[in-house]
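Reading through the structure tokens given below for one structure.
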Amino acid sequence: MSIMNFSIPRQIIYGENAMEHLSKLTGKKAAIVTGGSSMKKFGFLDKAVELLRKAGIESIIIDGVEPNPSVKTVVAGGKKMCDFGPDWIVAIGGGSALDAAKVMWCFYEHPNLKFEDIIPVGAMPPLRNKAKMICLPSTSGTASEITAFSVITDTDNHIKYPIVAADMVPDIAILDPALPACMPPHITANTGMDVFAHSIEAFASTAATSFTDPYAIEALRLVIEYLPAAYKNGKDMTARAHMHNASCLAGMAFTNASLGLVHSLAHKIGGEFGVTHGLANAILMPYIIDFNRKFSDKYALAEKRLGIKDIAETVRELNKKLDIPLCFKDCNEVDFSEEKFKTVLDRMSKNAHADPCTLTNPGKPTPADVKLIYESAYYGKKIN
């Protein structure tokens, strides 16, 4: 067996009032990165500033990160950090804010880099020369708070790039269930199914190991048991805490085992149509599980460990409970016109096949296989 690596943050602080840990940090300056207005609206941004002030840390806020963070945003954020000179980067919000903060961190540490320099896996130079990173997720989905991944969109070319670098694993992850308790139901659903996708893809990954499998299985169990409850009642703190922990557990699995075609296809259809990442994952998952079964026995093993009959059908049933459409043509979040779908299909399939996540998918899928899956997921045709 070749030498392997298993990376997680140095500290994971979780449970009610975990956010209070910000007041115990040691440092002088912090750059707080966030997205839209929700963290400010619910008081978490002001609370972060106050807790850092108690620690004697001056802070600035870099906000306005888009749902699909762009190259322009992360480059601009890196320049703001260079002007301020923080020794802590504090990312608070959804996965987009956390993803953006990671790459801003890179451009702060290495101002002369260009985005294309860090696209190849492992190309990012060492971090922590100027600052450390702490992440507080407000959604239970991306697990960006503990992963070596960031997804950034080239808005000019409509391509999402997964940036992968071991150094981007944050130093501290804070999991406070009060933050995701503010998510509306549809975001709870989409991010929750993102957790499921991370878990099942990590479990089926060709790079899965005995270190990653237990985290993936436990995350799947928690999602199946608690996501419908969190969706139905957002103030159910038991369900919220379990989903927040599930997201982190899934992140531990996939940041070390990588992912597969679900994410490859979701990245590219998201870049073309602007569909929410978790929603794209939820729709794609059953089709790709059905496709992949002939190449891997891990799905049967997952079913045995979870006590379920068919994991693809479990996903379909969850989608129904969460009011998620079963195919893209029925999705009304964005314009999924058949004409546009056919126009971009070949290019999208080729780009998805070239996505780094494809490398650890079971079997050796071709661009033609990817096209078949896209067509099946668009029209709702089951893959046998």
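The values are calculated or read from the model by the stated rules, or taken from the named source; none is laboratory data. Quick caveat: nothing in here was measured; it's all calculated off a predicted structure. Positions of Cβ are generated from backbone atoms using ideal geometry, with glycine treated the same way; all protein chains shown enter the neighbour counts. The protein model used for the area step is the full one, side chains on, heavy atoms only, and it has no ligands, DNA or RNA in it. Shrake-Rupley method; radii C 1.70, N 1.55, O 1.52, S 1.80 Å.
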About the Cα centre of the stretch 241-384, how large is the charge dipole given +1 on each Lys and Arg Cβ and -1 on each Asp and Glu Cβ? Please answer in debye to the nearest 20.
-> 420 debye
Could you work out the relative contact order of the stretch 34-85, using alpha carbon pairs under 8 angstrom and six or more residues apart, expressed as a whole percent?
-> 41 percent
What is the Cα centroid distance between the stretch 98-157 and the stretch 196-249, reported in whole angstrom?
-> 24 Å
Would you be so kind as to identify which of Ala123, Gly27, Ser59 lies farthest towards the positive end of the dipole of the chain, taking Lys and Arg as +1 and Asp and Glu as -1 on Cβ and the Cα centre as origin?
-> Gly27
Tilt of helix 237-257 relative to the longest C-alpha principal axis of the chain, in degrees (0 to 90, nearest 10)?
-> 80 degrees
Compute the signed sum of charges (Lys and Arg +1, Asp and Glu -1) over the other residues within less than 12 Å, Cβ to Cβ, of Tyr379.
-> +1
Step through the table entries Lys235/Lys321; Lys132/Lys232; Lys47/Lys320; Lys298/Lys364; Lys41/Lys80, compare each Cα-Cα distance with 26 Å, and write down the pairs that go over it.
-> Lys132/Lys232; Lys47/Lys320
Around Pro126: net Lys/Arg minus Asp/Glu count, Cβ-Cβ under 10 Å = -1
Burial order of peptide ranges 208-215, 131-138 (average beta-carbon count within 10 Å, highest first) = 131-138, 208-215
Would you mind working out the magnitude of the charge dipole of the stretch 108-190 relative to its Cα centre, with +1 at each Lys and Arg C-beta and -1 at each Asp and Glu C-beta, to the nearest 20 Debye?
-> 120 debye
Net lengthening on full extension, Lys304/Arg128 (0.36 nm per residue, minus Cα-Cα) | 59.1 nm
Which ³J(HN,Hα) values, rounded to whole Hz and listed in residue order, are derived for the stretch 218-232 from phi using the Karplus coefficients 6.51, -1.76 and 1.60 in 6.51 cos²θ - 1.76 cosθ + 1.60 with θ = phi - 60°, glycine and proline given as x?
-> 5, 5, 4, 4, 5, 5, 4, 7, 10, 4, x, 5, 5, 5, 6
Rounded to a whole number, what % of the accessible area of the stretch 220-263 do carbon and sulfur atoms account for, probe 1.4 Å?
-> 55 percent
For peptides 26-35, 358-367, sequence by mean Cβ density within 10 Å, most packed first | 26-35, 358-367
Computed ³J(HN,Hα) along the stretch 49-55: with the Karplus parameters 6.51/-1.76/1.60, θ = phi - 60°, integer Hz and x for glycine or proline, the list is 4, 5, 5, 5, 4, 4, 7
Mind listing the long-range amide H neighbours of Ala178? Cut-off is under 5 Å, sequence gap 5 or more, other chains count too, H placed in the peptide plane at 1.01 Å from N.
-> Asn17
Interchain or sequence-distant (5+) residues whose placed amide H lies within less than 5 Å of the amide H of Ser59 are Ala30
What net charge is computed for the residues neighbouring Lys47, neighbours being all others with C-beta under 11 Å from the C-beta of Lys47, Lys and Arg scored +1, Asp and Glu -1?
-> -1
Counting Lys and Arg as +1 and Asp and Glu as -1, each charge on the Cβ, what is the dipole of the chain about the Cα centre in debye, to the nearest 20?
-> 260 debye
Under 5 Å between amide H atoms, partner at least 5 residues away or on a different chain: which partners does Tyr14 have, H built in plane at 1.01 Å?
-> Leu175
Selected from Ser349, Val275, Asn5, residue furthest toward positive end of dipole (the chain; charges at beta carbon) | Asn5
Whole-number percent relative contact order across the stretch 94-236, with pairs defined as alpha carbons under 8 Å at least 6 apart | 22 percent
For the chain, longest principal axis from Cα atoms; helix 95-109 axis from its Cα atoms; angle between them, nearest 10 degrees, is 50 degrees
24 Å Cα-Cα threshold exceeded, pairs from Lys54/Lys130; Lys160/Lys340; Lys294/Lys340 = Lys294/Lys340
